[in-house]
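The structure appears right after this line, and notes come after that.
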Amino acid sequence: MIGYPNGKVRTVQCPAAVKQSAGRRGMSLEHDLNLSNEYYLQTDRAVIHKKPTPLQIVTVDYPKRSAAKITEAYFKVPSTTDYNGVYRGKAIDFEAKETRSRTSFPFSSLHPHQVDHLERVIRHGAIAFVIVRFVLLDETYYVEAGKIAAQYRHSGRKSLPYSWFQQEGILIPFSLTPPVNYLRVIDELYFKEK
């Protein structure tokens, strides 16, 4: 269902290619992260939101008063990362990526300005990371931004092998509530009781 600002609600049929009978297949990482962040907000654990993409709207069609439609828009500036917020007094900033490869994660999925941004927020004390989902393997990994940035800058590779994620990343097991419990990883890495 889609809720519109004018109060109308429309039911949309899911394409057959997305419908799958087994569990959560067909769900995107972004959808799972949005559900996780909503859970964190509702339970007052953290305040983390998806950042909107900055657009310059050029042309809007008004076929009728209650139905405005953007027909032309451009990206104002390159976006930084997908999500940011605060958890336990620390700034959180992260990028989320999916790959359909079973063997590697292509660096072409990360943009230089995103890597620059992650390195900057780390220098200023934020907890920064990348969440990568290997869709066909149904595995989601938390990777500290510094580790993936170092590989991006110095490895000379065009991709990171899946085995690198198994060694350097932290597998985030699927759960129902929240679907991607990345705060559990952050607790273990940054707030573990001594």
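Normalised by residue count, the range 55-194 yields a Cα convex hull volume of 182 Å³ per residue. The aspartates and glutamates within cross-link reach of Lys69, meaning a Cα-to-Cα straight distance under 12 Å and a gap of 8 or more places when in the same chain, are Asp61. Were the residues from Leu189 through Thr43 laid out at 0.36 nm apart, the gain over their Cα-Cα distance would be 50.4 nm.
Potential lengthening of the chain between Asp116 and Thr103 amounts to 2.1 nm, from the contour at 0.36 nm per residue minus the alpha-carbon distance. Think of a 1.4 Å ball rolled over the protein heavy atoms: the range 76-194 then has 52 Å² of accessible area per residue. Structure note, pairs Lys50/Lys90; Lys51/Lys158; Lys90/Lys147; Lys97/Lys158: Cα-Cα distances above 25 angstrom occur for Lys51/Lys158.
In terms of its C-alpha gyration tensor, the range 101-159 has an oblate overall shape, because the principal axis ratio a/c (a ≥ b ≥ c, square roots of the eigenvalues) is not below 1.5 and a/b does not outweigh b/c.
The values are calculated or read from the model by the stated rules, or taken from the named source; none is laboratory data. Everything quoted here is computed from the prediction, not taken from an experiment. Calculation scope for accessible area: heavy atoms of the full protein, side chains included, ligands and nucleic acids excluded. Shrake-Rupley method; radii C 1.70, N 1.55, O 1.52, S 1.80 Å.
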